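First comes the structure, then the notes that go with it.
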Amino acid sequence: MRIARSTGVVSGLLVVLLGVWGALIPFVGPYFDYSFGSNTTWHYTADRLWLNILPGAVAVLAGLLLLRATTRRAGAFGAWLGLLAGAWFVVGPAVSLTWERVPGPIGPPLGGATRQMLELVGYFYGLGAVVIALVAFASGRFVSRPQLVDDDGAGLRRTQVVAEPLPTTQAVGSTTSTSDVAPRTRRFSLRRR
């Protein structure tokens, strides 16, 4: 069933930007001394592939799906992909300890304690948490948005509510006549078809 295209635009755009950040920060972070392992730019390793590039690419794909989703199904699929990408950003460093023998997910963080904390949050934990929060928000919006068109492509029929004059009670000494009072109409039908 179709929904408004604006449903996941903001969340999708932010998830795309965060995915690009997650995939590229190991390569451009050393330009401003924000790095793990080595402080050389564009240094590729298999760990960076598994822990940064792949979840970043999946987050970009999820964000693009959220941006372009016109059905609830496409929006939900994009949200689930984003959830997987964000979860991998969060748990990937811990899982990498199964194949790593050095401290840290892609090598030890460089700098002092505060800088190391900022690197871990910016590369993995905070990034994954924000991606998860954004796709969870987008997923809720896809579920709660009203339907625009049926699955078979036929437009929804709006229910016609006939306005019936309500019985009016006049106060003693009131000069308002029945013809001066506008009848109440229901704007939205509460019945489901």
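Please treat every number below as a calculation from the coordinates, not as lab data. Because the structure is predicted, anything quoted here is derived from the model rather than measured. Neighbour counts run over all protein chains shown; Cβ positions are idealised from the backbone, glycine included.
What is the dipole size for the range 5-144, taken about its Cα centre, with +1 at each Lys and Arg Cβ and -1 at each Asp and Glu Cβ, in debye to the nearest 20? Each step should come with its number before you reach the end.
On the way: 8 positive and 4 negative charges, 120 e Å.
Dipole about the Cα centre, nearest 20: 580 debye.
Between L17 and T71, the simple label model (points 7 Å from Cα in the Cβ direction) yields a spacing of 3.0 nm. Listed from fewest to most Cβ neighbours within 10 Å, the set L49, L18 follows the order L49, L18.
The convex hull built on the alpha-carbon positions of the range 5-144 has an orientation-averaged projected area of 8.0 nm². Approximating the spin labels as points 7 Å out from Cα along Cα→Cβ, the T40-to-W80 distance works out to 4.2 nm. Put in order of Cβ neighbour count within 10 Å, fewest first, the listed residues R68, R101 become R101, R68.
At R0 = 25 Å, how high is the FRET efficiency between D33 and I53 if r is their beta carbon distance? Nearest 0.05 is fine. E(calc), rounded to 0.05, equals 0.75. Over the range 5-144, Cα pairs under 8 Å with separation of 6+ residues give a relative contact order of 34 percent.
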